[in-house]
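These notes concern the structure reproduced below.
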Amino acid sequence: MTEILVFNRWSSEGITIEDPGLQGYISTKPVIAPKTGARYAGNRFHKSRVNIVERLLNKLMVPGHRAKKHKVTSGSCTGKSVTAYKIMEQALEIVERKTKKNPIEVLVKAVEYGAPREEIITIEYGGARYPKAVECAPQRRIDQVLKLLAQTAYQKAFNSKKSSAAALADEIVLAYQMNQQSAVIAKKLELERQADGSR
C-alpha cells in the first residue's frame with residue numbers, strides 16, 4: 001500500500017508526542033493536501049482530529065489580533081488559501097534544510113515545547129481584582145501556540161526583506177530548539193512565571 005505523504009513530500013508516520021496531555025489533541029493523520037475547507041467548523045472539538053499542518057495553515061489565513069489591532073500582514077493574508085498554502089509548504093522546505101529532519105516532526109515538537117501549561121485569569125472578589133493561576137486546557141494550549149507562530153511570522157516579515165515563509169520557518173525552528181528568542185517559548189515562560197507568582 002502506498003504511503004500518504006503531507007504535501008506529497010513528507011511522511012507523518014512514526015511521529016510520537018511525549019506530552020501525555022497533548023497526545024489526543026495533536027493529529028498527525030496523513031493527508032496529501034491539508035485543506036478540508038472548514039468541513040468540521042461547526043463540530044465542537046473536531047479540530048483536534050484535523051492534521052496539525054492544516055491547523056497552522058488555517059491560522060495563517062486568519063491570524064487574529066493582538067490587543068484590539070488586527071495583524072497587518074502586507075498581502076500575505078489576502079483571503080486566498082493558495083497563498084497560505086504556498087507559505088506553509090515553503091516554510092516546511094526551509095525547516096527541512098535547516099534541521100536536516102522531517103519538518104512535520106519538527107513542527108509537532110515545536111508545538112509540544114511551546115504549549116503553556118498554566119495561565120492567569122482575573123477573579124473579582126469584593127470589588128477587588130486578583131490574578132489566579134489556572135491550568136490551561138489541552139486544546140487551548142495548542143491554539144495559543146499556533147496563533148503565536150502565525151502572528152510572529154507575519155510581524156517579523158512585515159516591512160522587512162524576510163518573506164513570511166522564512167519568518168515562519170525561523171519561528172518553528174527556534175521553538176523546536178526551545179530557544180528563548182522564540183516568541184512562543186518566551187510567552188510560555190512568561191505565563192508560567194506569572195502563574196507561579198500568583199498562587
Inset, instruction - Could you check the simple spin-label distance between LYS100 and GLN23, using points 7 Å along Cα→Cβ, in nm with one decimal? - result: 3.2
Legend entry - For segment 17-27, 3J(HN,Hα) per residue [Karplus equation, 6.51 cos²θ - 1.76 cosθ + 1.60, θ = phi - 60°, Hz, x = Gly/Pro]: 10, 7, 6, x, x, 9, 4, x, 10, 10, 9
Legend entry - Taking ILE4, ILE26 and counting other C-beta atoms within 10 Å, the order from fewest to most: ILE4, ILE26
Legend entry - Furthest towards positive pole of dipole, GLN181, ILE121, ALA169, structure part segment 46-197, Cβ charges: ALA169
Legend entry - Ranked SER81, SER160, criterion: other C-beta atoms within 10 Å, fewest first: SER160, SER81
Inset, instruction - Given a cut-off of 31 Å, name the pairs among LYS69/LYS98; LYS68/LYS162; LYS29/LYS161 whose C-alpha atoms lie farther apart than that in the structure shown. - result: LYS69/LYS98; LYS29/LYS161
Inset, instruction - Work out Dmax and Rg for the chain from the C-alpha atoms and quote the Rg first, both in angstrom. - result: 17.3, 65
Inset, instruction - Work out how much length MET178 to ARG140 would gain on full extension: take 0.36 nm times their residue separation and subtract the Cα-Cα distance, in nm to one decimal. - result: 11.7 nm
Inset, instruction - Highest first, please rank the peptides 166-173, 92-99 by the mean number of other Cβ atoms sitting within 10 Å of their residues. - result: 166-173, 92-99
Legend entry - Where only C-alpha atoms are counted, convex hull volume of segment 153-199 per residue in Å³: 70
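Values in this text are rule-based calculations from the coordinates and carry no lab data. It should be emphasised that the depicted structure is a prediction, and the values quoted were computed from it without experimental measurement. All Cβ positions, glycine included, derive from the backbone under ideal geometry; neighbour counts span all protein chains shown.
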